[in-house]
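Written out below as structure tokens is the structure these notes cover.
The values are calculated or read from the model by the stated rules, or taken from the named source; none is laboratory data. Model, not experiment: these values are computed from the prediction. Neighbour counts run over all protein chains shown; Cβ positions are idealised from the backbone, glycine included. Side chains included, ligands, DNA and RNA excluded: accessible areas come from the protein's heavy atoms. Shrake-Rupley method; radii C 1.70, N 1.55, O 1.52, S 1.80 Å.
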Amino acid sequence: MRSTLLTGDSAWKPVARMYECGRSGHWGRRVLPSTAAIWKARSRLGVAPLRQLFARVCRPVATPDTEGAFYRDWRLIAIDGTTFDLPDTKANVEAFGRPPRSGRGEQDVGYPQLRMVGLVECGTHAVFDAAIGTVRTGEQALARAALGSLRPGILLLADRGFYSVDLWRTAAATGADLLWRVRKDLVLPVVEQLSDGSYLTEIFDRSDIHHTRRGVPVRAVEYTIAGHEGVYRLITTILDPDKAPAADLAALYAQRWEFESTLDEIKTHLGGSQLVLRSQHPVGAEQELYGFLLVHHAIRHLMHQAARQADRDPDRISFTRSLRVVRRQVTDQAAFSPRQTRTRGPSHPR
């Protein structure tokens with residue numbers, strides 16, 4: 001039963017039963033659509049409407065008084081990537097591919113996967129942009145599609161896997177400020193030592209080995225963490241230490257892990273343990289992923305509203321409990337008819 005729910009479009013029939021239960025008040029009054037009918041309806045719909053809906057309604061939700069969402073005048077945003085397992089069908093393998101081989105000579109193994117890179121508002125866990133591609137598409141390539149949602153007033157946090165001078169330039173051109181970790185072997189010449197322990201430096205294109213062209217000016221912050229080996233290195237577009245001291249930036253970088261918490265909410269709590277997207281067809285897989293993102297954003301938006309009313313940090317509200325409340329309410333909401341949008345004609349006296 002579980003494998004059917006995880007891999008087949010028949011998984012949507014229990015959803016239809018729940019919906020009809022809410023509308024009719026008991027089981028069996030209406031004839032439920034068949035599995036084939038549901039699959040055909042999803043095929044006719046395609047992925048574009050859900051992608052457009054996500055782009056239209058999913059936005060950062062924090063307000064200036066939302067605890068933990070801002071540093072000074074900057075809204076804290078994290079970018080990162082992940083993969084989602086798909087049913088092992090020929091169509092999914094052809095569209096998205098399997099994870100690359102391990103290097104021991106084996107053929108590509110495991111479930112086919114799609115890759116997603118997203119933007120998450122750290123203070124609320126709201127996912128407000130996402131780019132989807134094959135498992136072999138690099139995170140930097142997908143990141144370019146998501147960077148269009150950046151704006152001035154954002155501080156974008158990213159790990160060292162996203163660093164390249166070209167991607168840095170693209171992200172900075174949006175007007176957002178950046179705080180990215182870089183590899184420890186990246187050469188960062190000290191141009192000017194600053195009073196807070198950070199220093200001004202330049203980054204250069206990898207092709208410009210001898211630095212014959214002018215580099216991109218950045219500010220570097222280096223620090224250690226107790227119990228961890230090595231030195232952490234961050235670079236930022238905020239060149240003035242008075243606007244963002246080095247100690248503050250080192251502490252802020254830890255907010256990047258809010259992306260990991262967001263993924264846990266989507267993959268473990270919304271999708272269930274060991275999540276495998278259910279559709280055996282590529283379009284259906286993208287539909288389902290956008291569905292997860294839309295539902296997650298809606299729940300997080302409700303949590304933010306509740307946190308504001310209670311004057312609490314949204315991170316202090318349990319996502320699991322909030323999800324349970326929503327699940328209990330969803331069938332009751334189905335009992336209400338959709339709001340009428342047609343304009344009625346003039347009434348006639350009887």
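Considering D313, D242, D248, the condition of being open to solvent by 70 Å² or more (accessible area, probe 1.4 Å) and among the acidic types (D, E) is satisfied by D242 alone. Would it be correct to say that S43 is among the polar types (S, T, N, Q), at pLDDT below 75 and either more than 28 Å from the chain's Cα centre (by Cα) or assigned to a helix (DSSP H, G or I) (or both)? So S43 does not fit the description; no.
Scan segment 171-180 and give yes if some residue there is modelled with pLDDT under 95 and surrounded by fewer than 16 Cβ atoms within 10 Å (Cβ to Cβ), otherwise no. There is no residue in segment 171-180 that is modelled with pLDDT under 95 and surrounded by fewer than 16 Cβ atoms within 10 Å (Cβ to Cβ). Taking residues in segment 158-176 that are under 16 Å from A145 (Cβ atoms) and in a helix (DSSP H, G or I), and partners anywhere that are open to solvent by 20 Å² or more (accessible area, probe 1.4 Å) and not aliphatic (A, V, I, L, M), the pairs with Cβ atoms closer than 8 Å and at least 6 places apart or on different chains are F162/E139; F162/Q140; D166/D205; L167/Q140; L167/R144; T170/R144. Filtering A143, A131 for residues that are in a helix (DSSP H, G or I), of a type in the set (G, A, S) and open to solvent by less than 50 Å² (accessible area, probe 1.4 Å) leaves a single hit, A143. If A226 meets every condition in (1) among the hydrophobic types (A, V, I, L, M, F, W, C); (2) touching a His at 6+ places or on another chain (Cβ under 6 Å); (3) open to solvent by 70 Å² or more (accessible area, probe 1.4 Å) apart from one, which number is that one? All conditions pass for A226, except number (2). From the list R51, R136, R151, the lone residue that is of a type outside the set (S, T, N, Q), open to solvent by 10 Å² or more (accessible area, probe 1.4 Å), outside any loop (DSSP other than H, G, I, E, B) and closer than 30 Å to L178 by Cβ is R51.
Among the residues of this structure, Y163 does not count as one that is touching an Asp or Glu at 6+ places or on another chain (Cβ under 7 Å), modelled with pLDDT of 95 or more and open to solvent by less than 30 Å² (accessible area, probe 1.4 Å).
So which of R183, R219 ends up being open to solvent by less than 50 Å² (accessible area, probe 1.4 Å), touching a residue at least 12 places away in the same chain (Cβ under 8 Å), closer than 25 Å to A143 by Cα and not hydrophobic (A, V, I, L, M, F, W, C)? Quick ask: steps written out before the conclusion?
On the way: R183 fails: open to solvent by less than 50 Å² (accessible area, probe 1.4 Å).
Criteria check complete, one pass: R219.
Which one is nearest to G138 (Cα to Cα) among residues in segment 54-84 that are aromatic (F, W, Y) and open to solvent by less than 30 Å² (accessible area, probe 1.4 Å)?
Among residues in segment 54-84 that are aromatic (F, W, Y) and open to solvent by less than 30 Å² (accessible area, probe 1.4 Å), the one nearest to G138 (Cα to Cα) is F84.
Determine whether R213 is out of contact with any strand residue (DSSP E or B) (no Cβ under 9 Å at 6 or more places or on another chain) and open to solvent by 50 Å² or more (accessible area, probe 1.4 Å). So R213 fits the description; yes. Checked against the criteria, A16 does not count as modelled with pLDDT of 70 or more and small (G, A, S).
Scan segment 189-219 for residues that are on the phi < 0 side of the Ramachandran plot, modelled with pLDDT of 95 or more, part of a loop (DSSP other than H, G, I, E, B) and in contact with a Phe, Trp or Tyr (Cβ under 9 Å, 6 or more places away or on another chain) and the total you get is 2. In segment 263-308, of all residues being over 24 Å from I38 (Cβ atoms) and among the acidic types (D, E), the one that is surrounded by the fewest Cβ atoms within 10 Å (Cβ to Cβ) corresponds to D264. How many residues are part of a helix (DSSP H, G or I), farther than 19 Å from F259 by Cβ and without any contact (Cβ under 8 Å) to a residue 24 or more places away in the chain when one looks only at segment 299-321? Final tally of qualifying residues: 5.
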